[in-house]
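The structure under discussion appears below in the form of structure tokens.
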Amino acid sequence: MTDLHLLSIQEMSEGLAKAQFSSRELTQHYLQRIAQLDQRINSFITVTPEQALAEADAADQLRKAGNAGVLTGIPLAHKDIFCTQGIKTSAGSKMLDNFISPYDATVVAKAKQAGLVTLGKVNMDEFAMGSTTENSYYGATKNPWQLDCVPGGSSGGSAAVVAADLAPFATGTDTGGSIRQPASFCGITGLKPTYGRVSRFGMIAYASSLDQGGPMARSAEDCAYLMNAIAGHDERDSTSVNREVDNYVANLNKTDLKGLRIGIPKQYFNVQGLAADVKARVEESLKQLEQLGATLVEIDLSMVDAYVPTYYLIAPAEASSNLSRYDGVRYGYRCENPSDLNDLYTRSRSEGFGEEVQRRILIGTYALSAGYYDAYYVKAQKVRRLIQQDFLKAFEQVDVIASPSAPTTAYKIGASLDPVELYLGDIYTLAVNLAGLPAINAPVGFDAQQLPVGLQLIGNYWSESQLLSIVHQYQQHTDWHTQRAELAKETV
């Protein structure tokens, strides 16, 4: 079958259950696509064909024995920030180019438990710092829609593999928009769960109070299947919340759009740099939701100007602390022939880390230094609380909040955006992480260059089911999530 990659997760599950094809055939189909198409987009850092086929054979045996789950035998790609036992886990960095993880991250372990087959590890901005996937030691990933454009970041590899049909779904992580923005740039669905919903154990830390893993797939329904597998409490992660997990698939039609109140922050639609095409597509998607019964309510989010400066003080401060462990002593990259301990530290870090990571470590170390800690870091944490309160006040009036996922569509690779310009591109996504809220990206059309546009819906705490349900119902009436890039349409 040449078109197995066109099936939804549900269709794959049913096909495997009815023995229309085996997990081995499905896995081989994706491995073949990766072998033929990935050299053009550079989405994988490591492909694991032997392990994938062994896992597929084991899944087929489970099916024969009648012990298979819904996801048993379906392939998956992991962002290379999740530790995977016996496989290189690089976080996109030269610093960890030689690191073979001795254990599985909880997300990886849960995926294995669900019977999912790991195809390999995908590209990302180094240590998840960036919004283009150009900051990777392994080179830039290209956007399957237009190969001269970025796929977004830091989960750009995860978005690209789904958009190119090299994997049916992928794991991503989101510290300030790193699931939602690449999902928007690549025309797929991506969910950033409530902080603490998905375990961070074994997920290489960038900014511990902001990082959150989540699913990336073509549709909300496919994301719901992956959420069912990876969500839940983990006693090995002190920030994981012990709270009952919804059945996200069963809840896909539970939210009644009639009477659903969608908040439209007036500040978000007047942001400088918001592209006219993006604004138009997002407004059209909101009209569609209105026709399905939702009510649009104008709301006030007064802290918008504080999002970028607050995030870019807190995140680098936490990164400076988290990345201090990479010193050339215990594991990871070590410089050649250090003359003394100071030289070992200095050269290992300056040779092992890329430019953007060094930039953020310097900002963070400065913000935490004596004399500046109170003026910058502590003040940023106070403003963070005000941002959270701003959202909670808005949720007294509305059920969800809508905005573009990004002010523009995908940038050209190598576009000479200075770092500050790139940081400003995160205006719609950063506050969600600062407040710990869940949010989802849904594809809602294209701009004049035929690049995808994304709608972001932000929910109150623990409302992942509601967000997936709203987008699922929207996707029953639209076909943006089924559109495929020319590269993805190629038969192999």
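With all protein chains in place and a 1.4 Å probe, the accessible surface of the chain carries 49 percent carbon and sulfur. Each residue of segment 487-492 is assigned a 3J(HN,Hα), and the resulting list reads 4, 5, 6, 5, 8, 10 Hz, derived from the Karplus form 6.51 cos²θ - 1.76 cosθ + 1.60 (θ = phi - 60°), x at Gly and Pro. Take each peptide in 137-149, 36-48, count the other Cβ atoms within 10 Å of every residue, and average; sorted highest first, the result is 137-149, 36-48.
Rolling a 1.4 Å probe over the protein chains gives residue 104 an accessible area of about 30 Å².
Comparing Cα centroids, segment 383-409 and segment 297-357 end up 28 angstrom apart. Mean projection of the Cα convex hull over all viewing directions, computed for the chain: 22.0 nm².
Beta-bridge orientation, the chain: approximately 70 percent antiparallel, per DSSP, counting only bridges with both partners inside. Amide H contacts of residue 178 (H built 1.01 Å from N, in plane; Pro and chain starts excluded): 154 sit under 5 Å, all sequence-distant by 5 or more or on other chains.
Magnitude of the charge dipole for segment 358-492, about its Cα centre and with charges confined to Cβ atoms of Lys, Arg (+1) and Asp, Glu (-1), is about 440 debye.
Principal axis extents of the C-alpha atoms in segment 144-251 (largest first, rounded to whole Å): 43, 33, 17. Taking every alpha-carbon pair within segment 192-283, the share separated by more than 16 Å comes to 68 percent. For segment 1-100, the average shadow cast by the Cα convex hull is 7.0 nm², which is a quarter of the hull's surface.
For the peptides 196-204, 176-184, 122-130, 271-279, the ranking by mean Cβ contacts within 10 Å, running from highest to lowest, is 176-184, 122-130, 196-204, 271-279.
With an a/c value of 1.5 or above and a/b larger than b/c for the gyration tensor axes a ≥ b ≥ c computed over the alpha-carbon atoms, segment 287-428 is described as prolate. Distance from the alpha carbon centroid of segment 138-209 to that of segment 237-256 works out to 21 angstrom. Here is how the number arises for the chain: DSSP H runs of 4 or more residues each give -39500 (n - 2.57), the sum is divided by the residue count, and the result at 222 nm is -11500 deg cm²/dmol. Annotation: amide H-H contacts under 5 Å for residue 117 (H modelled 1.01 Å from N, sequence separation of 5 or more, or interchain): 73, 74, 76.
Converting phi to 3J(HN,Hα) with the Karplus coefficients 6.51, -1.76 and 1.60 and the offset θ = phi - 60°, segment 136-152 yields 8, 4, 9, x, 6, 8, 9, 7, x, 6, 8, 5, 9, 10, 7, x, x Hz in sequence order, with x at every glycine or proline.
Projecting the Cα atoms of 43, 414, 26 onto the charge dipole of the chain (Cβ charges, centred on the Cα centre) puts 26 farthest toward the positive pole.
Note that segment 82-95 has calculated 3J(HN,Hα) couplings of 8, 4, 10, 4, x, 10, 4, 10, 9, 6, x, 10, 4, 4 Hz, one per residue in order, obtained from phi through the Karplus relation 6.51 cos²θ - 1.76 cosθ + 1.60 (θ = phi - 60°); glycine and proline are x. Around the amide H of residue 299, modelled in the peptide plane, lie the amide H atoms of 264, 266, all under 5 Å away and 5 or more residues distant in sequence or on another chain.
Global size of segment 226-332: 20.7, 60 Å for Rg and Dmax (C-alpha atoms, Rg to one decimal, Dmax whole). Taking a straight Cα-Cα cut-off under 20 Å and skipping sequence neighbours fewer than 8 places away in the same chain, the lysines within cross-link reach of residue 258 are 287. Structure note, pairs 18/192; 254/279; 266/382: Cα-Cα distances above 26 angstrom occur for 18/192; 254/279. Magnitude of the Cβ-charge dipole of segment 322-423, K/R +1 and D/E -1, about the Cα centre, nearest 20 debye? Rounded to the nearest 20 debye, it is 240 debye.
Magnitude of the charge dipole for the chain, about its Cα centre and with charges confined to Cβ atoms of Lys, Arg (+1) and Asp, Glu (-1), is about 480 debye.
Taken as Cα centroids, segment 426-440 and segment 31-95 sit 29 Å apart, rounded to the nearest whole angstrom. Taking a straight line from the alpha carbon of residue 121, these aspartates and glutamates sit under 16 Å away, with near neighbours fewer than eight places off in the same chain left out: 38, 50, 55, 80, 97, 104, 165. How are the alpha carbon pair distances in segment 77-157 distributed across 5 Å bins from zero to the largest one, expressed in percent? The percentages, shortest bin first, are 3, 18, 24, 22, 16, 12, 4, 1. State whether segment 67-213 is rounded, prolate or oblate according to the following rule on the C-alpha gyration tensor (a ≥ b ≥ c being the square roots of its eigenvalues): a/c under 1.5 gives rounded; otherwise a/b larger than b/c gives prolate, and the remaining case gives oblate. Rounded, because the longest to shortest axis ratio a/c is under 1.5. Please state the shape class of segment 370-478: rounded when a/c is under 1.5, otherwise prolate if a/b exceeds b/c and oblate if not, all from the C-alpha gyration tensor. Oblate. Think of a 1.4 Å ball rolled over the protein heavy atoms: the chain then has 37 Å² of accessible area per residue.
Within straight-line reach of residue 379, meaning a Cα separation under 19 Å, sit the following aspartates and glutamates at least 8 residues removed in sequence or on another chain: 305, 318, 390. Summary value for segment 92-177: 24 percent relative contact order, contacts being C-alpha pairs under 8 angstrom separated by 6+ residues. A full extension of the chain between residue 235 and residue 266 corresponds to an added length of 7.1 nm, given 0.36 nm per residue minus the alpha carbon distance.
The values are calculated or read from the model by the stated rules, or taken from the named source; none is laboratory data. These numbers come from a predicted model, not from an experiment. Positions of Cβ are backbone-derived with ideal geometry, glycine not excepted, and every protein chain shown enters the neighbour counts. Quick note on the areas: whole protein, heavy atoms, side chains included, nothing else; ligands and nucleic acids left out. Shrake-Rupley method; radii C 1.70, N 1.55, O 1.52, S 1.80 Å.
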